[in-house]
Structures are given as structure tokens and as C-alpha cells.
1. All other residues with a Cβ under 13 Å from the Cβ of A250 taken together, and with Lys, Arg as +1 and Asp, Glu as -1, what is their net charge?
2. For the chain, list the DSSP H helices whose alpha carbon atoms reach 30 Å or more along the long axis and whose average Kyte-Doolittle value is 0.0 or above?
3. May I ask you to list the residues of the range 184-205 whose amide nitrogen lies under 19 Å from a point 7 Å from Cα along the Cα→beta-carbon direction of S222?
4. Cut-off 10 angstrom, C-alpha nodes, Gaussian network model of the chain. Which of L73, L236, L111 fluctuates the most?
5. For the range 16-89, take N as its residue count and report Rg(C-alpha) divided by 2.2 N^0.38 Å.
6. Report the percentage of all Cα-Cα pairs in the chain whose separation exceeds 23 Å, rounded to a whole percent.
7. For the chain, what is the accessible area per residue in Å², given a 1.4 Å probe and the full set of protein chains?
8. Which one of P90, W56, G100 has its Cα pushed farthest toward the positive end of the charge dipole of the range 48-121, where Lys and Arg give +1 and Asp and Glu give -1 at the Cβ?
Amino acid sequence: MAGGARDPGRSVTSRVLAILGAFDAHHPRLTLTEIAERTGMALSTVHRLAGELEEWRALRRGADGRYQIGRRLWELGQLAPDPLQEVAHPWLQELFGGTGENVHLAVRDGLEVLYVDKVYGKRAVPIVSRTGTRLPMHPTGVGKALLAYEPGWFVGSYLSRPLERPTPHTITEPGRLARELIQVRAQGYATTHEEMTLGSCSAAAPVLVGDRPVAAVGIVVSSRRVRELPRLVDPLLAVAAGIAGDYRAALARP
């Protein structure tokens with residue numbers, strides 16, 4: 001088969017994108033063999049294309065021979081026109097400064113939340129989210145805050161899926177989760193209690209532009225301090241409103 005490809009109908013572009021798509025939060029460093037397995041492409045094809053991507057700095061090869069995403073892609077990502085992260089970061093810093101707890105910003109991407117920014121300190125409780133990672137919506141505070149403001153058809157479609165259960169405390173019953181989302185929308189914020197990670201709980205509020213949830217701000221504390229969550233709600237809501245206001249202003253600028 002020409003070029004060693006197992007699927008000659010795929011374009012070069014689709015093969016390059018498949019190689020880049022093989023990397024994710026759970027697979028940040030891969031060997032050529034692992035890339036070939038994850039993409040379904042022949043090893044010879046992966047070797048050739050990975051070499052070109054490395055030369056272009058889209059991939060970087062470590063001393064152990066494993067590849068990871070290169071800085072060239074990070075540079076290109078900074079050119080994205082959406083000003084959300086830029087306007088939100090000072091607000092996240094302010095919330096962290098006032099609470100000393102992990103603070104993050106997430107957006108919905110398909111059926112998952114994508115974490116786009118995070119501010120944390122050495123004393124904050126360890127959490128699984130980090131910038132660039134994806135998690136399910138229903139076990140996370142930011143995910144619930146976003147899901148509650150999505151159209152009914154989207155919520156219904158999401159709840160009709162088999163729902164992941166990261167911990168024994170994760171709510172996976174569609175009816176119970178639907179009722180909680182109604183409550184989230186009524187009160188303007190969401191909470192979780194060891195639903196994504198044992199030992200941590202969270203509160204999150206949507207960043208609303210009009211009626212559209214463009215992002216959500218979350219704050220995470222140790223489950224031993226769950227009683228402190230209520231006092232964090234007001235500053236959390238203020239920050240979400242501040243980000244929304246600055247984001248609307250940024251979008252209005254020519």
C-alpha cells in the first residue's frame with residue numbers, strides 16, 4: 001500500500017490532524033508506536049509525518065524518544081480571537097486572592113467541559129482539572145453550571161446517555177440530575193460534593209452573556225471544609241458577573 005498507509009482514502013491533512021489528536025490530557029507523551037495505535041495509521045506513515053511536525057515545532061521529541069505537543073501550536077492558540085481568557089484571568093486572580101482556594105474557568109466543548117484557565121496556590125486542595133483538560137459535565141461544578149443553562153433539548157440528550165461515575169457520590173440518575181439542574185438555574189450556581197474527586201467539593205457559577213452560558217467559574221475546597229462553601233458563593237457570583245460584563249465590552253470593541 002502506497003506510503004505504508006492502511007487507509008489510502010485519507011488525505012495528508014486528516015492524517016496530520018489524527019496525529020495531533022492522539023494527544024490528550026491522559027496521553028500527553030507518546031511513542032511512535034503508540035501514536036500509530038491510537039490513529040490506526042501505519043508506523044512508517046506516522047514516522048514520516050511526526051518528523052515533519054517536529055521540524056515545524058508542532059511536536060517535540062524528548063530524550064526518551066517520546067513525542068509531545070510543541071510550542072508552535074501554543075503560539076498559534078494564542079491568536080484565537082475569543083478574548084474570554086484574557087478578560088477573565090484578572091477576575092480569577094482576584095477570587096483566588098480573596099479565598100486562597102483553587103479557581104478555574106471552563107467552557108463547554110461538546111459533551112464535556114474544557115478547562116481554559118486556572119489560578120491556584122501551594123496550600124489549595126489538589127484537583128484533577130488543569131488548563132487544557134476535559135472532564136464530564138455532570139460530576140463537575142462548572143459542568144453543572146453550564147449544563148443548567150443549555151436548551152432543554154441539549155439537557156435531555158445529555159441525560160439520555162450512559163453517565164460516567166467517577167466516584168460513588170456521582171449523581172447519574174437522570175431524574176435526580178434534572179431536578180438538580182433546575183435548582184442550579186433557580187439559584188444561579190452549582191455545587192458538588194466529592195462527585196468528581198474524593199476529598200473535594202466545589203461551587204461554580206455560569207458566565208452569562210444574555211441568556212447564553214459562555215463559560216463557568218469554579219472554586220474547589222477540601223471536603224473537610226464543605227461548610228465553608230456557602231460563604232464563597234457571593235464572591236463567586238460577583239466574579240462571574242464581572243467576567244460577563246468585561247467580556248461583553250470586549251466583544252463590542254471594534
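The values are calculated or read from the model by the stated rules, or taken from the named source; none is laboratory data. A quick note: this is a predicted structure, and the numbers were derived from the prediction, not measured. Positions of Cβ are generated from backbone atoms using ideal geometry, with glycine treated the same way; all protein chains shown enter the neighbour counts. Ligands, DNA and RNA are stripped out before the accessible areas are found, and what is left, the full protein with its side chains, is counted by its heavy atoms. Shrake-Rupley method; radii C 1.70, N 1.55, O 1.52, S 1.80 Å.
1. That works out to -1.
2. On the way: long enough: 229-252 (34 Å, 0.97).
Qualifying helices, which must be both long enough and hydrophobic enough, are 229-252.
3. 192-203, by backbone N distance to the label point.
4. L73
5. On the way: Rg = 13.8 Å, N = 74, 2.2 N^0.38 = 11.3 Å.
Cα Rg divided by the expected 2.2 N^0.38 Å: 1.23.
6. Summing the P(r) of the chain above 23 Å gives 57 percent of all pairs.
7. It amounts to 53 Å² per residue over the chain.
8. W56
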